[in-house]
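*Asks:* Please see the structure below; I have some questions.
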Amino acid sequence: MNLSKSLYTRAIQCPKSLWLKKYKPEVLTPPDESAKAVFETGNVVGDLACELFAGGKEVPYSKNYDEMIATTQRLIDEGVEYIYEATFNYGGILVMVDVLHVKGCEVSLYEVKSSTGLKDIYLHDVSIQYYVLAHLGFCVKEAYVVHVNNSYLRGDELDLKELFCVVDVSEEVRALQHDIPSHLSEFKAYLDDKENEPDIEIGKHCKSPYECDAKEYCWKIQRNIPEYSVFNIFNLGSKKQIELYEQGIVDIKDVPEDFAMTPKQSSAVQNYKSGETHIHVKAIKEFCESLSYPLYHLDFETYQQAVPLFKGISPYQQIPFQYSLHVEHSDGVLEHYEFLADVGVDPRRALAEQLVKNIPLHVNTLAYNMSFEKGVIKRLAEQFEDLSEHLMHIHENMKDLMTPFQKKHFVTPSMQGSYSIKYVLPALVPEFEKAYKELEGIQNGSQAMRAFASLHVKSEQEQKEIRKQLLAYCELDTLAMVKILKKLKEV
Ligand code: SF4
């Protein structure tokens with residue numbers, strides 16, 4: 001059997017996924033931009049983690065794995081203490097150990113992850129490495145997972161010992177050894193039957209621990225699960241979704257009246273079944289009247305760094321690099337302000353300074369899902385003491401445009417039970433969907449995040465173009481808020 005550790009963990013999630021990867025890869029969805037970004041982050045974190053184990057030697061990557069295995073053996077023979085990407089094969093199972101610590105006749109293995117915690121699937125990942133090494137006759141002393149510590153706050157210098165958590169998983173991994181032979185023979189049986197695709201039902205395992213790249217195929221093509229189904233009932237949870245699916249219920253219209261759900265889920269289902277729009281006019285009027293003018297519509301764009309490059313930043317902290325601000329006067333006149341950070345510098349100070357210039361004291365600032373904007377502003381206030389009072393004033397006077405939708409005061413079936421702006425905007429202001437689609441290049445927040453994060457590797461001309469796209473995109477976000485509010489005022 002030819003199996004790598006990534007194929008092993010794939011099969012642990014679902015053996016059909018392994019079979020498809022081997023024999024029908026054309027049905028798998030190729031990795032999108034964000035999956036590629038996660039992969040790149042993994043590489044950066046992996047390289048940095050090696051510095052924790054200084055003085056080691058790396059086994060250069062080669063398509064010829066025998067060469068990598070031979071190099072590994074040579075490095076062991078030469079007495080190298082830390083070997084990065086140490087490669088082994090036992091019975092067709094190929095593993096590359098991120099960091100192998102060789103001490104005398106004992107070895108310890110380290111698996112590096114760019115996430116911020118330990119997950120069960122990592123134990124399977126380490127356990128197959130342990131299995132291979134143990135069967136090759138190594139005495140495996142310990143096994144570790146190295147992951148990013150998101151409570152680390154960077155000082156002037158990067159402190160690798162603080163940036164990473166090294167977790168001893170030896171005990172858990174040893175406990176898993178017993179099950180590996182039966183897993184392997186199960187996977188082998190599936191793979192031996194090349195003609196017949198495994199008959200495995202869809203379920204929770206399609207999303208966890210990873211979103212399966214065969215979902216489009218298994219769900220949409222094989223089982224005709226529509227775009228909107230019981231799997232989209234807001235916050236219903238996988239267990240209940242599967243419960244309905246196992247009863248043969250896919251269409252929301254078929255959800256039984258007595259099916260146990262929260263009041264919000266029930267009302268979303270009822271709303272969908274009735275096909276009617278529900279508007280609580282009094283509550284919406286109260287919300288609109290609670291806003292003072294001029295009103296400041298604010299939207300931040302942020303990005304994250306797995307490895308913090310600037311002082312005072314934690315791994316994966318949201319770093320604001322851009323905002324758009326539409327100031328709406330009581331007569332409907334709009335003014336627009338914006339900020340977009342320079343490349344390669346910590347954007348926070350310049351952004352905070354301009355924000356307090358653009359938003360005066362004693363005004364209402366409106367955001368959609370304001371907890372995000374509030375979180376950004378609070379962190380800026382903590383960072384910059386001299387601006388703190390003004391920033392916290394903005395923070396205290398924020399209002400949330402999401403409230404009427406979250407409280408179900410305005411519900412239409414096309415919102416699909418959600419109050420996310422992704423659903424609310426096309427339901428209320430359909431023409432804006434087109435406006436986003438007509439934007440050149442950047443059309444959503446994650447594209448904006450990636451575009452800004454990669455600006456430093458672009459040419460001057462490309463940077464100019466991307467900056468134009470970022471500004472156009474963010475401006476549309478706050479303009480969309482103005483339009484949503486206008487619709488609410490019209491009810
Ligand atoms: S989509 Fe689900 S059933 Fe299909 S291969 Fe993936 S995990 Fe297995």
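Just so it is clear, none of the values below were taken in a lab; they were calculated from the coordinates. It should be emphasised that the depicted structure is a prediction, and the values quoted were computed from it without experimental measurement. Please note: Cβ atoms are built from the backbone with ideal geometry, for glycine as well, and neighbour counts cover all protein chains shown.
*Asks:* Give me the angle, in degrees from 0 to 90, between the Cα long axis of helix 33-50 and the longest principal axis of the Cα atoms of the chain, rounded to the nearest 10.
*Replies:* 50 degrees
*Asks:* Which shape class, rounded, prolate or oblate, goes with the range 226-274 when its Cα gyration tensor gives a ≥ b ≥ c as root eigenvalues, a/c under 1.5 marks rounded, and past that a/b bigger than b/c marks prolate?
*Replies:* In terms of gyration-tensor shape, rounded.
*Asks:* Kindly give Rg over Rh for the range 242-338, based on alpha-carbon atoms, with the Kirkwood expression for the hydrodynamic radius.
*Replies:* Rounded to two decimals, Rg/Rh equals 1.19.
*Asks:* How far apart, in nanometres, would the label points at LEU309 and LYS119 be if each is projected 7 angstrom from Cα along the Cα-to-Cβ direction?
*Replies:* Inter-label distance under the simple model: 2.6 nm.
*Asks:* Let's see if you can work this out: charge +1 on each Lys and Arg Cβ, -1 on each Asp and Glu Cβ, no other charges. What is the dipole magnitude of the range 346-401 about its Cα centre, in debye to the nearest 20?
*Replies:* The calculation lands at about 160 debye.
*Asks:* For the range 63-148, with only Lys/Arg (+1) and Asp/Glu (-1) charged at the beta-carbon, what is the dipole magnitude about the Cα centre, in debye rounded to 20?
*Replies:* 140 debye
*Asks:* Sum -39500 (n - 2.57) across every DSSP H segment of at least 4 residues in the chain, then divide by the residue count to get the 222 nm mean residue ellipticity, nearest 500.
*Replies:* -13500 deg cm²/dmol
*Asks:* Shifting gears a bit: If you filter the range 122-208 for GluC sites (Glu not before Pro), then keep DSSP loop positions with at most 11 other Cβ within 10 Å, what is left?
*Replies:* Taking the range 122-208 and a limit of 11 other Cβ atoms within 10 Å, the loop GluC sites (Glu not before Pro) found are GLU157, GLU195.
*Asks:* Rounded, prolate or oblate for the range 273-330? Axes are the square roots of the Cα gyration tensor eigenvalues, ordered a ≥ b ≥ c, and the cut-off for rounded is a/c under 1.5.
*Replies:* Since a/c reaches 1.5 but b/c is at least a/b, the shape of the range 273-330 is classed as oblate.
*Asks:* Counting other Cβ atoms within 10 Å, which GluC sites (Glu not before Pro) in the range 40-128 have at most 15 and lie in a DSSP loop?
*Replies:* GLU78, GLU81
*Asks:* What net charge is computed for the residues neighbouring LYS113, neighbours being all others with C-beta under 11 Å from the C-beta of LYS113, Lys and Arg scored +1, Asp and Glu -1?
*Replies:* So the surrounding residues net to -2.
*Asks:* Which residue, LEU52, ILE242, PRO308, has the largest displacement toward the positive end of the dipole of the chain when charges sit on each Cβ (Lys, Arg +1; Asp, Glu -1)?
*Replies:* Going by the Cα projections, it comes out as ILE242.
*Asks:* Moving on. If I histogram all Cα-Cα distances within the range 277-491 using bins 5 Å wide from 0, what percent of pairs lands in each bin?
*Replies:* Calculated P(r), rounded to whole percents: 1, 7, 15, 18, 19, 17, 12, 7, 3, 1, 0.
*Asks:* Please report the equivalent ellipsoid semi-axes of the chain, computed as sqrt(5 x eigenvalue) of the Cα gyration tensor, largest first, in whole Å.
*Replies:* The equivalent ellipsoid of the chain has semi-axes of 46, 32, 19 Å.
*Asks:* Whole percent per 10 Å bin, from 0 to the bin with the longest distance: what is P(r) over all C-alpha pairs of the range 352-462?
*Replies:* Cα pair-distance distribution for the range 352-462, in percent: 12, 29, 32, 24, 3.
*Asks:* Please arrange LEU298, LEU455 by counting, for each residue, the other beta carbons lying within 10 Å of its beta carbon, fewest first.
*Replies:* Lowest to highest Cβ neighbour count: LEU455, LEU298.
*Asks:* Determine the relative contact order of the range 277-491: mean sequence separation of Cα pairs under 8 Å and six or more apart, normalised by residue count, in whole percent.
*Replies:* Over the range 277-491, the number comes to 26 percent.
*Asks:* Continuing with this model, one more query. Can you run the Rg to Rh ratio on the range 3-192? Use alpha carbon positions and the Kirkwood inverse-distance Rh.
*Replies:* Radius of gyration relative to Kirkwood radius: 0.97.
*Asks:* Please compute the net charge surrounding GLU227, taking Lys and Arg as +1 and Asp and Glu as -1 over other residues with Cβ under 14 Å from its Cβ.
*Replies:* +2
*Asks:* May I ask you to sort HIS178, HIS101 by Cβ crowding, counting other Cβ atoms within 10 Å and putting the fewest first?
*Replies:* HIS178, HIS101
*Asks:* Rounded if a/c is under 1.5, else prolate if a/b is larger than b/c, else oblate: which is the range 1-45, with a ≥ b ≥ c the root eigenvalues of its Cα gyration tensor?
*Replies:* oblate
*Asks:* Next question, about the same structure. Treating only the Cβ of Lys, Arg, Asp and Glu as charged (+1, +1, -1, -1), what charge dipole size does the chain show about its Cα centre? Round to the nearest 20 debye.
*Replies:* In debye, rounded to 20, the chain gives about 1040.
*Asks:* Next up: Summing Lys, Arg as +1 and Asp, Glu as -1, what charge do residues with Cβ under 10 Å from the Cβ of SER6 carry, SER6 excluded?
*Replies:* After counting each charged neighbour, the total is +2.
*Asks:* Which of SER114, TYR144, GLY155 sits farthest toward the positive end of the charge dipole of the range 111-163, with +1 on the Cβ of Lys and Arg and -1 on the Cβ of Asp and Glu?
*Replies:* So the residue furthest toward the plus end is TYR144.
*Asks:* Taking loop as defined by DSSP and a crowding limit of 13 other beta carbons within 10 Å, which trypsin sites (Lys or Arg not before Pro) in the range 253-347 fit?
*Replies:* LYS311
*Asks:* Beyond 20 Å, what percent of the Cα pairs of the range 107-201 remain?
*Replies:* The proportion of pairs with Cα distances above 20 Å equals 51 percent.
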